[in-house]
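Structure, as structure tokens:
Laboratory data are not the source of any read-out in this text; all were calculated from the coordinates shown. None of these values were measured; they are calculated from a predicted model. When we count neighbours, we look across all protein chains shown, and the Cβ atoms used for this are built from the backbone with ideal geometry, even at glycine.
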Amino acid sequence: MTAFLDHGGRHALHQQVPDLGALAPICGEHEFAAIVARMVADEAPRLFAVVQEYGERVDAVIAAWGMAFDDHSEIVTHQRRLSVRAPENALRMFTVGDHIRARLVWFDPDAATPVGDEFPR
């Protein structure tokens with residue numbers, strides 16, 4: 001990513017960041033890693049899919065993926081990206097007439113098909 005580097009090979013904002021080298025670490029590496037892991041887990045957005053259901057449980061397709069933050073949601077399709085206040089606000093954009101209904105499905109890692117298993121028929 002050379003776009004952010006100056007002629008000396010440093011990040012363009014390098015001079016704006018104070019040198020923290022004189023400050024002592026707040027804790028050991030293991031404890032710091034645990035603190036950062038908790039921070040990430042506490043702040044992680046919730047993952048969801050916008051699923052288009054055809055007819056009455058005839059078929060379905062994942063139309064978009066989204067991340068729900070505290071104050072908004074970001075949604076990505078293969079054609080575009082959009083930002084909405086709440087995930088439910090995107091559903092009307094994916095509903096088509098009377099035959100294609102959009103639904104919100106929150107990601108559940110425990111629902112994933114185990115490696116080597118096939119979908120039930």
**Message:** What does the net charge come to around Ala68 if you take all other residues with beta carbon closer than 11 Å to its beta carbon, with K and R at +1 and D and E at -1?
**Reply:** -2
**Asked** Where does region 45-109 land on Rg(C-alpha)/(2.2 N^0.38 Å)?
**Response** 1.07
**Request:** Based on other C-beta atoms within 10 Å, arrange Leu13, Leu104, Leu20 from fewest to most.
**Result:** Leu20, Leu13, Leu104
**Complete:** Sorted by chain and then number, the residues having a modelled amide H within less than 5 Å of the amide H of Ala60, at least 5 places away or on another chain, are Tyr54
**Asked** Any idea how far apart Trp65 and Phe107 come out in nm if each label point goes 7 Å out from Cα toward Cβ?
**Response** 0.6 nm
**Asked** What are the ³J(HN,Hα) values, in whole Hz, obtained from phi via the Karplus relation 6.51 cos²θ - 1.76 cosθ + 1.60 with θ = phi - 60°, for each residue of region 78-93 in sequence order, with x given for Gly and Pro?
**Response** 6, 10, 7, 10, 8, 10, 9, 5, 9, x, 4, 5, 7, 4, 5, 6
**Request:** Considering only Arg81, Arg57, Arg46, give the residue with the highest GNM mean-square fluctuation for the chain, with springs between Cα atoms whenever their separation is below 10 Å.
**Result:** Arg57
**Fill in**
Karplus-derived 3J(HN,Hα) from phi for region 40-54 (6.51 cos²θ - 1.76 cosθ + 1.60, θ = phi - 60°), whole Hz, x at Gly and Pro, runs 5, 5, 5, 9, 4, x, 8, 8, 9, 10, 9, 10, 9, 9, 8
**Request:** Set the Förster distance to 25 Å, then compute FRET efficiency between Asp98 and His78 from the Cβ-Cβ distance, nearest 0.05.
**Result:** 0.55
**Item:** the chain: relative contact order as a whole-number percent, Cα under 8 Å and 6+ apart
**Value:** 19 percent
**Prompt:** Mind listing P(r) for the chain? All alpha-carbon pairs, 10 Å bins, whole percents.
**Reply:** 10, 23, 24, 21, 14, 6, 1
**For Phe107, residues with placed amide H under 5 Å, excluding near neighbours** = Leu47, Phe48, Ala49
